[in-house]
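*Asks:* I'd like to ask you about the structure that follows.
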Amino acid sequence: MEKVHKEMIKLKFDTLAVHAGSDPDPATGAIIPPIYQTATYALEEVGKNRGFDYSRASNPTRQNLEEALAALESGRFAIAFSSGLSAVDAVLRLLKPGDHIVASEDMYGGVIRLMDNFFIPYGISVTYVDTTDSKATDRAFTPSTKMLWIETPSNPLLRITDLAAMRDLARSHDVLYAVDPTFATPALLRPMEYGADLVVQSTTKYLSGHNQLIGGAVIVNRDDLFEKLKFAQKAIGAVPGPMDCFLTQLGIKTLHLRMERHSANAMKVAEFLQVHPSVDRVIYPGLPSHPQHEVAKEQMKSFSGMISLELKGGVEAGARLMNRVRLCKLAESLGAVETMVTHPATMTHAEVPRAVREARGLTDGFVRISVGIEDPEDIIQDIKSALK
């Protein structure tokens, strides 16, 4: 399954985004490889196939996507899944009862839900900690700790964790080091270059980029991790269909261009919001006011398209903004070409207990904006009108 061509390793990221996993079809010369929309494959004879026997186990279109994802992340192997959460689930299945995870306290509510409701009841314990604080993170390790789970930038508080510092902690405690950089994508941040053992991506978001599919992936360098995750992919069957893989790879071809525009637009929107009288605070890694701005500058190419803000007036102000926008869409997702606004307290993090949510800074007046690639003046005007 390791198909990354040696010549691809030397190519720049923008070129990889266009070409990785997209060799012309050998049968026809088609620039875009065909979609292998098939469930099964005819064998040459008993016990002999052409590398494929059943699409739950492997599919040429999925293999093309996996090759592209591995190349973009500076990894050797990628394993594609039907959703970001199914990718997370496969990684957590590397653990066994009695094992312990140290995890970022601010991360996607679906991952917290998965850990709390499915893995903790089966004997895997989790300590949630502010991973921007290296000393606090170090204190969270126990003799049973087997994995360090980092989300950066985090969802939705946009905390930036120092990945080099976490690498050193993971190595000193001899644990698996997993990083979810979905908000950044490999266009802006490649955790494998900071020592990550596993990189988890929700391909639903920026990687596909057009709100048209659900998907996820895990990227690894180690043979043993690849074999275990590949077995989980086949045995559990949470695989993306060929059309979803094809569409994801089409999205990847413009990833570098879109991330430049997302980042540039988000900076303009953040600068507008930070001086607006209705806004109490703005959280954007590109602003000097962000607590981890210097870390973000050091390890990210740019600052992505995600902005969080807290409005004066609490939940009423948040509802007013989200109900009044017209160009921006009220939606529970992110990373697409359209600008979307989300109210985490009632949407993405609704199942996080209120006391826990508020202790982490996620109040009822908290709003998350996924800034799209429209003209930034139109985005700002829509938000400005909604804030009146």
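The values are calculated or read from the model by the stated rules, or taken from the named source; none is laboratory data. What you are looking at is a predicted structure, and each value in this text was computed from that prediction instead of being measured. Cβ atoms come from the backbone with ideal geometry, glycine included; neighbour counts cover every protein chain shown.
*Asks:* Taking segment 367-388 only, how many residues are buried (at least 22 other Cβ atoms within 10 Å of the Cβ) and either modelled with pLDDT under 85 or in contact with a Pro (Cβ under 6 Å, 6 or more places away or on another chain) (or both)?
*Replies:* Initial filter on segment 367-388 (buried (at least 22 other Cβ atoms within 10 Å of the Cβ)): 367-372, 379, 383.
Of the ones still in play, those that are also either modelled with pLDDT under 85 or in contact with a Pro (Cβ under 6 Å, 6 or more places away or on another chain) (or both) are 368.
The qualifying residues number 1.
*Asks:* Name the residue, out of 336, 296, 355, 317, that is over 24 Å from the mean Cα position of the chain (by Cα), surrounded by 18 or more Cβ atoms within 10 Å (Cβ to Cβ) and not assigned by TED's automatic domain parsing to the domain that holds residue 158. Please lay out each step first, then the result.
*Replies:* On the way: 336 fails: over 24 Å from the mean Cα position of the chain (by Cα); 296 fails: over 24 Å from the mean Cα position of the chain (by Cα); 355 fails: surrounded by 18 or more Cβ atoms within 10 Å (Cβ to Cβ).
Testing whether each residue is over 24 Å from the mean Cα position of the chain (by Cα), surrounded by 18 or more Cβ atoms within 10 Å (Cβ to Cβ) and not assigned by TED's automatic domain parsing to the domain that holds residue 158 leaves just 317.
*Asks:* Which residues, counting only those in segment 66-86, are part of a helix (DSSP H, G or I), farther than 16 Å from residue 178 by Cα and of a type in the set (Gly, Ala, Ser)?
*Replies:* Passing the criteria: 68, 71.
*Asks:* When you scan segment 288-297, do you find a residue that is in contact with a strand residue (DSSP E or B) (Cβ under 7 Å, 6 or more places away or on another chain), of a type in the set (Lys, Arg) and free of Cβ contacts under 8 Å to residues at least 40 places away in the same chain, even just one? Talk me through it step by step, then tell me what you get.
*Replies:* Initially, segment 288-297 is screened for residues in contact with a strand residue (DSSP E or B) (Cβ under 7 Å, 6 or more places away or on another chain), giving 290.
Filter again for of a type in the set (Lys, Arg), leaving none.
Checking segment 288-297: not a single residue is in contact with a strand residue (DSSP E or B) (Cβ under 7 Å, 6 or more places away or on another chain), of a type in the set (Lys, Arg) and free of Cβ contacts under 8 Å to residues at least 40 places away in the same chain.
*Asks:* Being in a loop (DSSP other than H, G, I, E, B), free of Cβ contacts under 8 Å to residues at least 60 places away in the same chain and of a type in the set (A, V, I, L, M), is that true of even one residue in segment 337-350?
*Replies:* Yes, segment 337-350 contains a residue that is in a loop (DSSP other than H, G, I, E, B), free of Cβ contacts under 8 Å to residues at least 60 places away in the same chain and of a type in the set (A, V, I, L, M).
*Asks:* How many residues does segment 133-177 contain that are in a loop (DSSP other than H, G, I, E, B) and either of a type outside the set (Gly, Ala, Ser) or under 22 Å from residue 362 (Cα atoms) (or both)? Before the answer, list the steps.
*Replies:* Taking segment 133-177 first, the residues in a loop (DSSP other than H, G, I, E, B) are 133, 141-144, 152-162, 174-175.
When the remaining residues are screened for being either of a type outside the set (Gly, Ala, Ser) or under 22 Å from residue 362 (Cα atoms) (or both), the result is 133, 141-143, 152-162, 174-175.
Residues in segment 133-177 being in a loop (DSSP other than H, G, I, E, B) and either of a type outside the set (Gly, Ala, Ser) or under 22 Å from residue 362 (Cα atoms) (or both): 17 in total.
*Asks:* Write out, first by first residue and then by second, each pair whose Cβ atoms fall under 7 Å of each other, whose residues are 6+ apart or on separate chains, and whose first residue, in segment 95-121, is on the phi > 0 side of the Ramachandran plot while the second is of a type outside the set (Ser, Thr, Tyr) and outside any strand (DSSP E or B).
*Replies:* Matching pairs, first to second residue: 98/123.
*Asks:* Which number in (1) within 19 Å of the chain's Cα centre (by Cα); (2) assigned by TED's automatic domain parsing to the domain that holds residue 151 marks the one condition that residue 302 misses?
*Replies:* Looking at each condition in turn, residue 302 falls short on (2).
*Asks:* Still on this model: If you check residue 140 against the conditions, is it farther than 27 Å from residue 223 by Cα, touching a strand residue (DSSP E or B) at 6+ places or on another chain (Cβ under 9 Å) and not β-branched (Val, Ile, Thr)? So that I can check it myself, show each step before the final result.
*Replies:* On the way: farther than 27 Å from residue 223 by Cα: yes; touching a strand residue (DSSP E or B) at 6+ places or on another chain (Cβ under 9 Å): yes; not β-branched (Val, Ile, Thr): yes.
Considered against the rule, which asks whether it is farther than 27 Å from residue 223 by Cα, touching a strand residue (DSSP E or B) at 6+ places or on another chain (Cβ under 9 Å) and not β-branched (Val, Ile, Thr), residue 140 comes out as yes.
*Asks:* If you don't mind, there's one more thing I want to ask. Output the number of residues of segment 35-56 satisfying the condition of being surrounded by fewer than 14 Cβ atoms within 10 Å (Cβ to Cβ) and in contact (Cβ under 8 Å) with a residue 24 or more places away in the chain.
*Replies:* Number satisfying all stated conditions: 1.
*Asks:* How many of the residues in segment 349-359 are under 21 Å from residue 333 (Cβ atoms) and basic (Lys, Arg)?
*Replies:* At the first step, the residues of segment 349-359 found to be under 21 Å from residue 333 (Cβ atoms) are 349-352, 357.
Next cut, basic (Lys, Arg) only: 357.
Of the residues in segment 349-359, 1 are under 21 Å from residue 333 (Cβ atoms) and basic (Lys, Arg).
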